[in-house]
Each structure stands twice: as structure tokens, then as C-alpha cells.
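Q: A single structure is presented below for examination.
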């Protein structure tokens, strides 16, 4: 193999190595993003469940739904 071909192949190898490193960096960033998104989703889900509970509690305590006890006049 000629020296010129070796130099070209080495250059191509270095470029592929750079591309591979870039791909691994993107994969790591995506993995972090997925993890953060899952955490945010869980927080949102918990807040939504709390809100639903609060709304059910409010609905059950209103006169329209018969859950409220009327106070007697003194």
C-alpha cells in the first residue's frame, strides 16, 4: 500500500472516529432528555391526580351534589 493511500485512509478513519464520538454524545444527550422527560411526566401526573382529588372533594362538598351539611340558624 502506498504512503499516500495510508495517509488518506488514516484521515478517513479520523473523520469516522469524530462522527462516532458525535453520535455517542447525541445518544447520551437524548438519554438524559428522556430521563428528565419521564421525571417531569411523573410530576405532572401526580399534580393532575392531586387536582382531580381536590375537584372531587370540592364537588362532593357543594349543595348541588348533596354532600354539604347545612348549618342550622341560631
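Q: Identify, by number, the condition in (1) at pLDDT below 95; (2) surrounded by 10 or more Cβ atoms within 10 Å (Cβ to Cβ) that residue 1 doesn't meet.
A: Tallying (1) at pLDDT below 95; (2) surrounded by 10 or more Cβ atoms within 10 Å (Cβ to Cβ), residue 1 fails exactly one: (2).
Q: Between residues in the range 12-35 that are at positive phi and loosely packed, with under 10 Cβ neighbours inside 10 Å and residues that are modelled with pLDDT of 95 or more and not in a helix (DSSP H, G or I), which pairs lie under 9 Å by C-beta distance while being six or more apart or on different chains?
A: Qualifying pairs under 9 Å: none.
The values are calculated or read from the model by the stated rules, or taken from the named source; none is laboratory data. Because the structure is a prediction, the values reported are computed rather than measured. In this analysis, Cβ positions are derived from the backbone assuming ideal geometry, glycine residues included, and neighbour counts consider all displayed protein chains.
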